[in-house]
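Quick notes on the structure that follows.
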Number of protein chains: 2
Amino acid sequence: MNAKDETDQRHDVQVELIAVVTAIIDGQPVALTISRGSALPSGPFELGHRSLQAGLRNWVEQQTGHPLGYVEQLYTFADRDRMAEDHARRAISISYLGLTRDENTEYQSKRDWRSWYGYFPWEDHRTAQPPVIEQTILPRLRHWADEAGAGNREERWQRVALCFGLDGRAWNEELVLQRYELLYEAGLVPEARRNREAGRDETVPGNQMAVDHRRILATGIARLRTKIKYRPVVFEVMPPVFTLLHLQRAVEALAGRPVHKQNFRRLIEQQELVEETGKTTAETGGRPAKLFRFRPAVLVERTVAGTKLPIAKA
Amino acid sequence: MNAKDETDQRHDVQVELIAVVTAIIDGQPVALTISRGSALPSGPFELGHRSLQAGLRNWVEQQTGHPLGYVEQLYTFADRDRMAEDHARRAISISYLGLTRDENTEYQSKRDWRSWYGYFPWEDHRTAQPPVIEQTILPRLRHWADEAGAGNREERWQRVALCFGLDGRAWNEELVLQRYELLYEAGLVPEARRNREAGRDETVPGNQMAVDHRRILATGIARLRTKIKYRPVVFEVMPPVFTLLHLQRAVEALAGRPVHKQNFRRLIEQQELVEETGKTTAETGGRPAKLFRFRPAVLVERTVAGTKLPIAKA
DNA sequence: TCCTGATATGCTCAAAGTGAGTATAAACAG
DNA sequence: CTGTTTATACTCACTTTGAGCATATCAGGA
């Protein structure tokens, strides 16, 4: 067939769809995984799929048993980690960020949710700066910086300082990807040591993933931490009705840092993002909390306009 | 060959790379085009390309004769505007935003730069709100809203109001894409009327482009208008040495709105984005202006950290 | 030489936004 | 009824912004 020859001339490629699907379960930010937490769900873009997003929704819904709310494209990669370079055929991966609530308990067993912070222990600053930073990460990065030539030493350490908020700089929770890449570059994550001696004690704590999936997860987290500040996306991971503290805990879980309670409430109410349901819940321990719901009208407005949350802005 | 059968099973697709390359020429924001302004430069992703970006840089440099500075991925589309749905083969397009300065006069003739605002006359608010909005766009959008069913009328008009800053709302220069999509949906751009009667007088002024290229351009402009506020990308379109007013004019050109001079200077100097060269230029008319250059150290810092510009933040 | 016009640059100020603390209310366990 | 816990209201200092006024330094013509 002529069509096939043409195919080869045009250098066609395979397309893989890959998803970072996030929810909040028991106050923890989690991602949907497969293979016992070692990979993100992914599948090929097939002829039956009406569009890229449709393809993605298709098999994510198949896996989790309920629809994805918010879906947003993350990035398109080519030739990541190719093994055989002589292959005349190539593949690209299109990654997405999805948000959902894990309401459906029926399919619970099918789903393998894993906490973000199992993969990135250094990213959870909700209660305090994780000790692993001072105890393991910084010493090893210091070593990595020092072993560079005289010219690069300073530059390397400055990157470290920026990424981890040293020298009086503030911790910037958005730099998830930069931090992971720094650790990768320094050979401190197992993924970077495939071909080297498997010196486990020279890496840094945190579960690894297949190929570059952990990198994609980092990309998704970074995107969400940025987006949460100016678009009302938090509500995608919230149940229909919630207290303001629930909402705050969700924001904190995603941002990985604590939020000033009073200021949080001020901003939320000021912007009229939510409305009272009229009911309260006493399940929170102390004084009963008012229950709120997301203001539906905002869905139209704020999707286009902006939102604010009291998290330090980069 | 077995490989070919496998190919078909895997539903391979063609990959097209497409670029929004922007520069500032004579104070105007311009995009690189082909076919007398009717299309964005694009080309297939080929086997010889080391990576997606490499492929893009490859033929953009080939076309323009000088290297792209800043390159950033925009979005990946599939099956945009497919004509024959029965085709068993598909194509995806990966779009990029590129920034450059048009220093090289040698290849000048090869390049076809076109002003953004030729395609989007309603986006240039530097001197005043373009009259086309009041005179043509809003009346026709009003008509479009009114012809909707009772349920949708309000919703449609609210979208219009949000997009164009009506009812006391401020003009938001970032909504380039939303505005274009609104006009598209209302059938007010020629691209949307392919299959309808070619009633030219029912569209809105602004040069059209092939297939969805104008939409991609809108995406690029929107991205740049957002990015300029928190990353030092303006400098990618600036010559090595410039006055603060030059810099301001560049920001204004991209943002499509005027900037308060004194506040602009305050922010730029506060953040130490630039440093004096020690020289001045008298070419500006009045009192000679100091010449500045971008502070190289910032390249390391701010790529990771942030920047601020005195443009209303969404 | 001395205005005039033009731009550059410095400085002030009020309004709004933000970070952080204090005080009071409403439930429950014992 | 007392202590504990969480919810919610209010205050205040400080920073950031938007906007205007004032002064400096040049070119060119009266």
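Observations on the structure shown:
- For residue A:90, residues with placed amide H under 5 Å, excluding near neighbours: A:14
- Spatial separation of Cα centroids for the stretch B:245-273 and the stretch A:259-274, in angstrom: 32 Å
- For the stretch B:117-124, the Karplus equation 6.51 cos²θ - 1.76 cosθ + 1.60, evaluated at θ = phi - 60°, returns couplings of 6, x, 8, 10, x, 7, 9, 9 Hz by residue, with Gly and Pro reported as x.
- Computed with a 1.4 Å probe on the full set of protein chains, the accessible area for residue A:171 sits at about 30 Å².
- Peptide B:43-52 - average C-beta neighbours from other chains (10 Å radius): 4
- Sorted largest first by accessible area at a 1.4 angstrom probe radius, with every protein chain in place, the residues A:272, B:181 fall in the order A:272, B:181.
- Distances between placed amide hydrogens fall under 5 Å for residue A:19 paired with A:96, all partners being 5 or more residues away or on another chain.
- Cross-link table A:279/A:308; A:261/B:261; B:227/B:261; A:279/B:227, entries beyond 31 Å C-alpha to C-alpha: A:261/B:261; A:279/B:227
- Phi-derived couplings, Karplus 6.51 cos²θ - 1.76 cosθ + 1.60 at θ = phi - 60°, listed residue by residue for the stretch A:150-155: 3, x, 8, 4, 4, 5 Hz, with x used for Gly and Pro.
- Karplus (6.51, -1.76, 1.60) ³J(HN,Hα), θ = phi - 60°, over the stretch A:258-272, in Hz, Gly and Pro reported as x: x, 10, 5, 4, 4, 5, 4, 4, 4, 5, 4, 6, 3, 8, 6
The values are calculated or read from the model by the stated rules, or taken from the named source; none is laboratory data. In this text the structure is predicted, and so the values were computed from the model without any measurement. Backbone-built Cβ (ideal geometry, glycine too); neighbour counts: all protein chains shown. Quick note on the areas: whole protein, heavy atoms, side chains included, nothing else; ligands and nucleic acids left out. Shrake-Rupley method; radii C 1.70, N 1.55, O 1.52, S 1.80 Å.
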